[in-house]
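Readers should treat all values here as calculations from the given coordinates under stated rules, not as data from a laboratory. Just so it is clear, the structure is predicted and the values come from calculations on it, not from any experiment. Positions of Cβ are generated from backbone atoms using ideal geometry, with glycine treated the same way; all protein chains shown enter the neighbour counts.
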Amino acid sequence: MYRYDQYDQAIVDARVAEFKEQVGRRLRNEITEDQFKPLRLMNGLYLQLHAYMLRVAIPYGTLSGTQMRMLAHIARKYDRDYGHFTTRQNIQYNWIKLEQFSDLLDDLSKVEMHAFQTSGNCIRNISSDQFAGAAADELADPRPYAELLRQWSTLHPEFSFLPRKFKIAVIASDTDRAAIQLHDIGLQLRKNDAGDLGFRVYVGGGMGRTPIIGKIVRDFIPVGQFLSYSEGILRVYNRYGRRDNIYKARIKILVTELGIEEFTRQVEAEWAQLEPLGLDAPQAEYDRIIAQFSDPEYDLTATDTLDLSDPDFAMWVAQNVHAHKQPGYAIATISLKPKRGIPGDASSAQIDVIADLAEKYAHDEIRVTHSQNLVLAHVRKADLYALWQALDAADLATPNLDLVTDIIVCPGMDYCTLANARSIPIAQNIAAKFENNVAEQRDIGELKIKVSGCINGCGHHHAGHIGILGVDKKGEEAYQLLLGGSGAEDASLAKILGPGLDENGIVAAVDKLIAFYRTARSAPEERFLDTYRRLGPAPFKEAVYG
Amino acid sequence: MPRILTGNRLETGDVLWWNGSDWSTQIKDAVALGEEGDALVARLVAEERINDPVLVDVTGEPGAYVPTTTRERVRASGPSVRADLARGSLSTEVI
């Protein structure tokens, strides 16, 4: 994985020193909260319902064991002994004290980590495929390109005050595990007819108040020119994106208002000016970064033999383990959705356990997924049983990946100042009906439930097979029910099924939807989403409201 | 309807309630304020030591005030999904 060079570290050290001074000035009352707020937000520090919340950047969701152990240390020393992994592959801490913040930043910077650009109207953490470098179906590891984007976008002076936040995702396979069509820019690595590597470029996707699926602005840009092309997109957006209305300030609105043809014309014209300026990285820099993402030293004697005589282990393998490109290896997903748990939360002790296991069994790498789980991407099959036993002992071996209890959920009104309703209890109450019966969950099959506590959609409800949106109904918590969304390569936006429901009603409604689906599916293999797409909303609506 | 004063401490982010002479981390200590509450908020905003000072509507009696909105009840009791982090003087049951 990528290691900082002296420039990366110098940039982080300088920014940390700058923000520490700004924190000191605020604590000494030398600047007002109105002056301080945009500064702290640009450094990932929010004020939430109960305390300050810090969002730490995890570039493309990749961590070393040392970095993971530091995250546990932060939770233990500066927070309340836990952290929350987010849908942007980052981690959040909910109980941070401003007076301790400078020491915290120093600790983070020791392991090449920081929190800047995790909030504010700038280019946010670059996200990617959690199976990058290990998946059998990818053309190449997408992370070197994500790393180039990270370096390009970090403190980019022209793009530090965009009309609104900006999110970029990069993948390298036809299977989309990063929801690229729901990003401001989505990049898919592919080959042209000549066999050259380049990107298909999607632009203007997003969830939130106005959900839109991204459109293709260019079907192929050579990898050697994708940075200048991205700069062209950002320049058009920065110049013409609406700054007069926060609800219309995202690039998706600009693309919609201009139309993709006119937007493309403007980007191409801008890029024609930019490309000759030599903004793209030289080949030597590509080579330097790609080399840091080279394959680990695989055990070439590793075998594919796996003893599945332990039924609990066999269940975990069937649900949470994926094929690896290297014979004798596998990709293991660690579920952060245990029984009665809070999706995405992990205690400092659990984070330490995962760091240890990554170092022992997974070539010292951990990935955070946008589904709020963790991945060990390079595990010898011969080590899977020992890994599973250690995970199970730490309550980290729930075999529920992509099943009904693997629910994406935002912090909701239990923590967030923006929320209209709580979202975590809804996820817990839905999961409670199924979590003691894994066989039933597996019979239901792939079902992606996503819960947001407000219209901003941090819980990705518009991309849920079943989406739930918390709303305020005359001072009471209420929930809208949406069906038919997908953040995968078959991207679609969930639509509202019917009137809002209360807390008990929404949980019962999901139960009814699942019961109906099990009677209506054409075959056990037909997913909930496919049954919905085949039948349309009417029978599902009848099942809930009839 | 009674109103009580709340905000977050600048240095720690802690949720606070005004007890008549100082700040408390427990809502049971809060006192209801009349028109003097608005003047107090104006003063606190100018002092810049308490973030987001605001008067919130409550029901109930002194020593047992309960905010009328879910948001403020969550602030007063702690996250409803973490009983171990509850603030103590207001049960998460009221959320």
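Points to keep in mind about this one:
- Pairwise centroid distance, computed over Cα atoms, of segment A:1-20 with segment B:70-95, Å: 39 Å
- Selection from A:F226, A:G241, A:F263, by position along the positive dipole direction of segment A:174-265 (Cβ): A:G241
- Stokes-Einstein diffusion for segment A:127-291, with the hydrodynamic radius set to the Kirkwood value over Cα pairs and evaluated at 20 °C in a medium of 1.002 mPa s, equals 133 µm²/s.
- Proxy reagent accessibility, fewest Cβ within 10 Å first, across A:K495, A:K165: A:K495, A:K165
- Total charge dipole magnitude, segment B:3-94, about the Cα centre, Cβ charges on Lys, Arg, Asp, Glu only, Debye to nearest 20: 300 debye
- Cβ-to-Cβ counts within 10 Å put B:E35, B:E48 in ascending order as B:E35, B:E48, the fewest first.
- Selection among A:C122, A:G61, B:S21 by position relative to the dipole of the protein assembly as shown gives B:S21 as farthest towards the positive end (Cβ unit charges, Cα centre).
- Note on segment A:408-545: percent of Cα-Cα distances in each 5 Å bin, starting at 0 and stopping at the bin with the largest distance, equals 2, 11, 21, 24, 21, 13, 5, 2, 0.
- Packing, as the average of other Cβ atoms within 10 Å across residues, places the peptides A:461-468, A:440-447 in the order A:461-468, A:440-447, highest first.
- Solitary cysteines of chain A, where the nearest other Cys Cβ is not under 4.7 Å: A:C122, A:C416, A:C454
- A:K474 versus A:A194: modelled label distance in nm, points set 7 Å from Cα along the beta carbon direction: 6.7 nm
- Taken over segment A:408-545, lysine pairs spaced eight or more positions apart, or on distinct chains, with alpha carbons under 22 Å apart number 16.
- Magnitude of the charge dipole, segment A:3-145, Cβ model with Lys/Arg +1 and Asp/Glu -1, debye to 20: 440 debye
- In a simple Cβ point-charge model (Lys, Arg +1; Asp, Glu -1; nothing else charged), segment A:258-319 has a dipole of about 220 debye relative to its Cα centre.
- The fewest-to-most ranking of A:C410, A:C454, A:C122 by surrounding Cβ atoms within 10 Å reads A:C122, A:C454, A:C410.
- Normalised contact order of chain A, rounded percent, pairs of Cα under 8 Å and 6 or more residues apart: 13 percent
- The alpha carbons of chain B give a radius of gyration and a Dmax of 12.6, 37 Å, in that order.
- Estimated D of chain A in µm² per second, where Rh is the Kirkwood radius over Cα pairs and Stokes-Einstein applies at 10 °C, 1.306 mPa s: 66 µm²/s
- FRET efficiency, 1/(1 + (r/R0)^6) with R0 35 Å, evaluated for A:E158 and A:A284 via beta carbons: 0.90
- Note on the protein assembly as shown: helix-only mean residue ellipticity at 222 nm, from DSSP H runs of 4+ residues weighted -39500 (n - 2.57) and normalised by residue number, equals -10500 deg cm²/dmol.
- With a cut-off of 13 Å between beta carbons, the residues surrounding B:I95 carry a summed charge of 0, where Lys and Arg count +1 and Asp and Glu -1.
- Lysines with Cα under 18 Å of A:K360, excluding same-chain neighbours fewer than 8 positions away: A:K381
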